[in-house]
Amino acid sequence: MEHITVSTKNYRKKVALAACEENGPLDDIDIKDKHFLLIVLTKGKMEFAVGDQRIAANAPAFLCFDELENPRLLSKTGAQYTCVYFHPTFLNINMTFEFLRSSQYDDIASVHDMFMLRPFMDKTYVIPITHISTERIAQSADYMRQELTEQRDRYWSCRGRTYFMELIIALERMYGLNGYGWQHRQSDNAPIIKNSRLRDAVLYIEENYRKDIALSDVAANARINHTDLNALMKGELGCTAMEYLKKYRIAMSKKQLAFTDVPIKDISDMVGFKTVQHFNRVFKEITGTTPAVFRRTAVEKRRTEIK
């Protein structure tokens, strides 16, 4: 089965190399040499076999299968889940299977802020999801499915990619939090956090960055007063909680600008800014350039540097 999404309206017969299914059938998974499969398991348990290896997962968790072999479903109990089938080029046209598995990928991906997809490449099949993150991850999967299904405007594929990138960012964060991939380079928007309360604060910010949250909200969810929280933040991350929120919003917007064609105003709304003017001002304050110039430069740089 070819897991792609084709435009159903007059959008130039666009094809997205991804498909999203809620509680879809898993009896005959066919991804070998075609796709990756990301399963967002929000309830229950599932067990698969990959070759001679048995893979068991309890919710909430991600399950990650690469294109080298077809996994076989052995059992599922009370499972609620979303299946995301995708070719890595859905994230970016340069991300072929060959490029991902090449020796140069790490360095090039770091320069261009591309996704590492480590859980797939390292065959870390099950990544537990923190309970604080479960709701937003499930929501991102649902929004992706809606965008690919409803195709409400000509940006439907880009909007689907936007929510898919949120899933991959969350996957990479959970991968790091669970102690995997410590030997690999950490991205700027996924720092290693040692203190448990600071971790709760950072996760709260990352799960709620779209909303209008205050320092008091972050401190309450981390069960710590705001003075101690900011001291921890500065000691480990070099910034206050509200500075981290601002930087995280800009980090998320940079992904959207670089890898989608979604209008800047929509990106501004999606990352939690009330006006596009405020977004432009903060973006330039942090990056030294405007969102429009950043987008143009990032795309052109990839075109000229990645062959």
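The values are calculated or read from the model by the stated rules, or taken from the named source; none is laboratory data. Not measured: the values here are computed from a predicted model. In this analysis, Cβ positions are derived from the backbone assuming ideal geometry, glycine residues included, and neighbour counts consider all displayed protein chains.
When only residues in the stretch 38-91 that are within 19 Å of Y175 (Cβ to Cβ) and hydroxyl-bearing (S, T, Y) count, which is nearest to the chain's Cα centre (by Cα)? Only one residue tops the list, namely T82. Restricting attention to the stretch 271-286, the residues that are under 16 Å from R296 (Cα atoms) and either buried (at least 22 other Cβ atoms within 10 Å of the Cβ) or in the same structural domain as I168 (by TED's automatic domain parsing) (or both) total 1. Among residues of the stretch 103-114 being hydroxyl-bearing (S, T, Y) and either modelled with pLDDT under 90 or in contact with a helix residue (DSSP H, G or I) (Cβ under 7 Å, 6 or more places away or on another chain) (or both), the one that is farthest from L37 (Cα to Cα) is S110. Of the listed requirements (1) within 26 Å of T149 (Cβ to Cβ); (2) touching a Ser or Thr at 6+ places or on another chain (Cβ under 7 Å), E47 misses just one: (1). Take the stretch 66-110 and flag every residue that is in contact (Cβ under 8 Å) with a residue 12 or more places away in the chain and more than 27 Å from Q53 (Cα to Cα). Matches in the stretch 66-110: T89, F90, L91, N92, N94, M95, D106, I108, S110. Yes or no: D212 assigned to a loop (DSSP other than H, G, I, E, B) and among the charged types (D, E, K, R)? Yes: the conditions hold for D212. Applying the set (1) assigned to a helix (DSSP H, G or I); (2) surrounded by fewer than 16 Cβ atoms within 10 Å (Cβ to Cβ) to S102 leaves exactly one unmet item: (1).
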